[in-house]
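Colleague: Before we start, here is the structure in question, set down as structure tokens.
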Amino acid sequence: MVSTKKRLINFLDRKEKIAAKIKNRRLFVFLDYDGTCTPIVGAPQEAVLSATMRATIQKLARHYAIGIVSGRTIEDVRSKVRIDNIFYAGSHGFEIVDPAGNVLINKDAIRIRSTIDEVHRKLEERLKQVPGATIEHVKFTVSVHYRQVAPHDFPQVKAAVREILKEYSDLRTIMGKKVFVIRPKINWDKGKAVDLILKLLKFNKKRDFAIYVGDDLTDEDAFRSLRGRGAGILVAKEKNRPTKANYFVHDPDEVKKVLEFFIRQDGAANS
């Protein structure tokens, strides 16, 4: 269960403390995409990375190892971010591409692709008459977006997801921000993807420090995975939201300030 026992502190109010923690240590920065690098928008295709945010991430990547960890497909998130020499983890971490272009795919997820295809088709057929409902095929998962669905139509969306999933014991549903994410019942998530990337980078918790910035419930696994190895930063207006993160910032504009702070640290700005 996601929980917190203390009031979160804005990361930007603790910059000096963080600067001391990361001094003389290798830094690894992981970023969710929607709601973190870009504002939350009505339709997924409208989430466009600004030129200034792209330039900031590019500059950060010249100094530190960077990973974009998204619920989107690898192809989608890479086409939107358009930054070379960084890690990308798509479909909630089921697929990872390293800076050299090598692709790592969860083998258990590969075996269930046909089931995901089938569920996507059924949901599209079932919800095609519901205005605003968007059924997104994310290769190894299906996202049912209802941000633009009228409140009186939402029960139809919820019922469709629940009833169709009864037919598939190897799938489960998790909630995101105005989205149902249908995914395989596999012990894999964004946190496991971060673990794997850190292993590839030969992370050592005595000399290294990792940061994960995200806004969604699916990012909680990544926050949890960094316990004792770094810090999680939740992007949220409400700072008392239950979370495993250590800090919060309000929005993507403040995320950009966080990244600019890291760029200015010793060993980065002057390298």
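Colleague: State the number of residues belonging to the stretch 136-161 that are among the hydrophobic types (A, V, I, L, M, F, W, C) and over 19 Å from the mean Cα position of the chain (by Cα).
Modeller: So the first thing to find is which residues in the stretch 136-161 are among the hydrophobic types (A, V, I, L, M, F, W, C), and the list is 138, 140, 142, 144, 149-150, 154, 157, 159-161.
Filter once more, so that each one left must be over 19 Å from the mean Cα position of the chain (by Cα): 149-150, 154, 157, 159-161.
So the answer is 7.
Colleague: Could you list, ordered by first residue, the pairs with Cβ atoms under 7 Å in which the first is in the stretch 175-192 and closer than 22 Å to residue 145 by Cβ and the second is among the polar types (S, T, N, Q) and part of a strand (DSSP E or B), at least 6 apart or interchain?
Modeller: So the pair list comes out as 179/143; 180/173; 181/143; 181/173; 182/173.
Colleague: Residue check, residue 136 against (1) outside the structural domain of residue 164 (by TED's automatic domain parsing); (2) touching a strand residue (DSSP E or B) at 6+ places or on another chain (Cβ under 6 Å); (3) among the acidic types (Asp, Glu), all met but one. Which one?
Modeller: Unmet for residue 136, out of (1) outside the structural domain of residue 164 (by TED's automatic domain parsing); (2) touching a strand residue (DSSP E or B) at 6+ places or on another chain (Cβ under 6 Å); (3) among the acidic types (Asp, Glu): (1).
Colleague: So, one more: State all residues of the stretch 32-67 that are hydrophobic (A, V, I, L, M, F, W, C) and closer than 24 Å to residue 146 by Cα; if no residue qualifies, say none.
Modeller: Within the stretch 32-67, the first condition is being hydrophobic (A, V, I, L, M, F, W, C), and the residues that meet it are 37, 40-41, 43, 47-49, 51, 53, 55, 57, 60-61, 65-66.
The answer is 37, 40, 41, 43, 47, 48, 49.
Colleague: Any residue in the stretch 4-15 that is in a loop (DSSP other than H, G, I, E, B) and either crowded, with 22+ Cβ neighbours inside 10 Å or without any contact (Cβ under 8 Å) to a residue 12 or more places away in the chain (or both)? Write out each step before concluding.
Modeller: Step one: filter the stretch 4-15 for residues in a loop (DSSP other than H, G, I, E, B), giving 4-8, 14.
Within this subset, residues satisfying the condition of being either crowded, with 22+ Cβ neighbours inside 10 Å or without any contact (Cβ under 8 Å) to a residue 12 or more places away in the chain (or both) are 5-6.
Within the stretch 4-15, one or more residues are in a loop (DSSP other than H, G, I, E, B) and either crowded, with 22+ Cβ neighbours inside 10 Å or without any contact (Cβ under 8 Å) to a residue 12 or more places away in the chain (or both).
Colleague: Please go through the stretch 77-88 and pick out each residue that is touching a residue at least 24 places away in the same chain (Cβ under 8 Å) and out of contact with any Ser or Thr (no Cβ under 7 Å at 6 or more places or on another chain). Walk me through it before giving the result.
Modeller: Looking only at the stretch 77-88, we keep the residues that are touching a residue at least 24 places away in the same chain (Cβ under 8 Å), and these are 77, 80-83, 85-87.
Correct list: 80, 81, 82, 83, 85, 86, 87.
Colleague: Is it true that some residue in the stretch 120-130 is in a loop (DSSP other than H, G, I, E, B), in the same structural domain as residue 164 (by TED's automatic domain parsing), charged (D, E, K, R) and within 19 Å of residue 179 (Cβ to Cβ)? Steps first, answer last, please.
Modeller: So the first thing to find is which residues in the stretch 120-130 are in a loop (DSSP other than H, G, I, E, B), and the list is 128-130.
Checking the rest, the ones that are also in the same structural domain as residue 164 (by TED's automatic domain parsing) come to 128-130.
Now narrow it down to the ones that are charged (D, E, K, R): 128.
This time we only want the ones that are within 19 Å of residue 179 (Cβ to Cβ), so: 128.
Yes; the residues of the stretch 120-130 include at least one that is in a loop (DSSP other than H, G, I, E, B), in the same structural domain as residue 164 (by TED's automatic domain parsing), charged (D, E, K, R) and within 19 Å of residue 179 (Cβ to Cβ).
Colleague: Could you look through the stretch 140-151, keep only residues that are surrounded by 21 or more Cβ atoms within 10 Å (Cβ to Cβ) and out of contact with any Pro (no Cβ under 9 Å at 6 or more places or on another chain), and pick out the one that is farthest from residue 89 (Cα to Cα)?
Modeller: 146
Colleague: Determine, yes or no, whether residue 173 is over 15 Å from the mean Cα position of the chain (by Cα), polar (S, T, N, Q) and not in a loop (DSSP other than H, G, I, E, B). Reasoning before the result, please.
Modeller: Values: over 15 Å from the mean Cα position of the chain (by Cα): yes; polar (S, T, N, Q): yes; not in a loop (DSSP other than H, G, I, E, B): yes.
So residue 173 passes the test.
Colleague: Still on this structure, please answer the following. Which condition does residue 154 not pass, out of (1) aromatic (Phe, Trp, Tyr); (2) crowded, with 19+ Cβ neighbours inside 10 Å; (3) closer than 24 Å to residue 236 by Cβ, if it passes all the others?
Modeller: (2)
Colleague: Working only within the stretch 16-54, note down all residues that are in contact with a helix residue (DSSP H, G or I) (Cβ under 8 Å, 6 or more places away or on another chain) and either among the hydroxyl-bearing types (Ser, Thr, Tyr) or free of Cβ contacts under 8 Å to residues at least 24 places away in the same chain (or both).
Modeller: Those that are in contact with a helix residue (DSSP H, G or I) (Cβ under 8 Å, 6 or more places away or on another chain) and either among the hydroxyl-bearing types (Ser, Thr, Tyr) or free of Cβ contacts under 8 Å to residues at least 24 places away in the same chain (or both): 33, 36, 38, 52.
Colleague: Any idea which of 180, 223, 209 is assigned by TED's automatic domain parsing to the domain that holds residue 168, at pLDDT 95 or above and not in a loop (DSSP other than H, G, I, E, B)? It would help to see each step written out before you state the result.
Modeller: Details: 223 fails: assigned by TED's automatic domain parsing to the domain that holds residue 168; 209 fails: assigned by TED's automatic domain parsing to the domain that holds residue 168.
Going through 180, 223, 209 in turn, the sole match is 180.
Colleague: Follow-up. Check residue 190 against each of (1) in contact with an Asp or Glu (Cβ under 8 Å, 6 or more places away or on another chain); (2) at pLDDT below 95 and name the one condition it does not meet.
Modeller: (2)
Colleague: Would you call residue 160 touching a residue at least 24 places away in the same chain (Cβ under 8 Å), crowded, with 22+ Cβ neighbours inside 10 Å, in a helix (DSSP H, G or I) and hydrophobic (A, V, I, L, M, F, W, C)?
Modeller: Values: touching a residue at least 24 places away in the same chain (Cβ under 8 Å): yes; crowded, with 22+ Cβ neighbours inside 10 Å: no; in a helix (DSSP H, G or I): yes; hydrophobic (A, V, I, L, M, F, W, C): yes.
No, not satisfied.
Colleague: Consider residue 115 against the criteria (1) in the same structural domain as residue 34 (by TED's automatic domain parsing); (2) surrounded by fewer than 19 Cβ atoms within 10 Å (Cβ to Cβ): it satisfies all of them except one. Which criterion is unmet?
Modeller: Status for residue 115: all satisfied but (1).
The values are calculated or read from the model by the stated rules, or taken from the named source; none is laboratory data. Not measured: the values here are computed from a predicted model. Counting neighbours? That spans all protein chains shown, and the Cβs are built from the backbone with ideal geometry, glycine included.
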